[in-house]
1. Set the bar at 27 Å for Cα to Cα. Now go through Lys158/Lys283; Lys142/Lys284; Lys169/Lys309; Lys129/Lys169; Lys142/Lys309; Lys158/Lys291 and name every pair that lies beyond it.
2. Size of the dipole of the range 138-186 about the Cα centre, Lys and Arg at +1 and Asp and Glu at -1 on the beta carbon, nothing else charged, in debye to 20?
3. What does the charge count around Leu337 come to, taking other residues whose C-beta lies under 10 Å from its C-beta (Lys +1, Arg +1, Asp -1, Glu -1)?
4. Given a Förster distance of 51 angstrom, what is the FRET efficiency for Asp67 paired with His117, based on the Cβ-Cβ distance and rounded to 0.05?
5. Using the charge dipole of the range 189-301 (Lys, Arg: +1 at Cβ; Asp, Glu: -1 at Cβ; taken about the Cα centre), state which of Leu215, Leu264, Gly293 has its Cα farthest towards the positive end.
6. Post the alpha-carbon centroid distance, the range 129-167 to the range 243-269, in whole angstrom.
7. In percent, how large is the relative contact order of the range 189-312, given Cα pairs closer than 8 Å and 6 or more residues apart?
8. Using a 1.4 Å probe on the protein heavy atoms only, what accessible surface does Tyr93 show? Give it in Å² to the nearest 10.
Amino acid sequence: MRVCPAGPVLLKCVRVCCRRGRGRVPRCVREAWGYTHLLARSLCFNSLISWDVVNDSLFEPVFWAADRLTRWFGRVFVCLVVVLTSSIVLIAYLVLLPMVIHTYAPLWIVWHLCYGHWNLVMIAFHYYKATRTSPGYPPTMKNDLPFVSFCKRCVTPKPARTHHCGICKTCILRMDHHCPWLNNCVGHFNHRYFFSFCVFLTLGCVWCSISGRNLFIDAYNAMESSYQTPPPTFTYKEKLMNKSVIYMWVLTSTVAVALGGLTLWHAMLISRGETSIERHINKKERERLTKRGKVYRNPFHYGRLNNWKLFLGVEKRSHWVTRVLLPSSHAPHGDGLTWDFPLRKKEPLPV
């Protein structure tokens, strides 16, 4: 039994009816139909079309909504980071510090006091600098600097490693990503602050999680025993302290795992001389050249040790202490516009 091709016949009838009654159809309807028909043809009959373009076009409303929400809630995320960090610091001073003083030996007390306050200063300093430091923008005036592409949204030339941020609505020098927890883009001039903040916050969470483990176990057992018959008597202060300890341990352990993974990921990218965006670009370029029997080499990879020295701004041995282990607001190497470093991969920087 043969199926009747009713689709083409029905479409032909609709076209004939529309032609006969063209004067009856409102002009706005005909314009909307023509615009929709043009969009369909551009997506289906363009010789330069690809699945990436189709997916970007279909998901454009989703990207637009995500960019608007991220921009609106940026300050809320910053306030949330400040509130959560302040609550952990308050609990550490009121609960964790008295336990350390009454339990540990004098040397351990001095170590905990020095390490805890040093870690807190590093977290606060790098978070403030990461949020308040401009990531770097390409010049908008006419200049003779070399560029690799042209931004269709900013209508300006883009230097190497520069990408457009849809949330900030501008191009960013050596853009890594837009961080909602900073309410700022991570670029050339604040990438080091962002990474250092992630490192020291992870170390601080690990320290609180390990130091407060025994307190968490005692508080958890105390809360579990309150459901027994007859329940033990706890004062309001003791209940509040137990809940605070459980809150601190759960939050710091969760952040340590999640942020620790993110920090390791960025450390791997820094070792390879890449950013988060360049990771995907280099992967596609590597696959494209592999099909042609060629090998792709990242032009911004100067060797692992050199990559770290350039990223951290280390120029001599004392900088490992003054610029890495202590708060430092030194500018990164280079201006973010040109990347001509006379280095070879196996040649270390003279430090």
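1. Where the Cα-Cα span goes over 27 Å, the pairs concerned are Lys142/Lys284; Lys169/Lys309; Lys142/Lys309; Lys158/Lys291.
2. In total the dipole reaches around 140 debye.
3. Local charge sum for Leu337: +1.
4. The value I calculate is 0.85.
5. Final value for the positive-end residue is Gly293.
6. Here the answer is 33 Å between Cα centres.
7. This gives 29 percent for the range 189-312.
8. For Tyr93, the solvent-accessible surface is approximately 100 Å².
The values are calculated or read from the model by the stated rules, or taken from the named source; none is laboratory data. All of these numbers come straight from a predicted model, not from anything done at the bench. Positions of Cβ are backbone-derived with ideal geometry, glycine not excepted, and every protein chain shown enters the neighbour counts. In case anyone asks, the SASA skips ligands and DNA or RNA and just uses the protein heavy atoms, side chains included. Shrake-Rupley method; radii C 1.70, N 1.55, O 1.52, S 1.80 Å.
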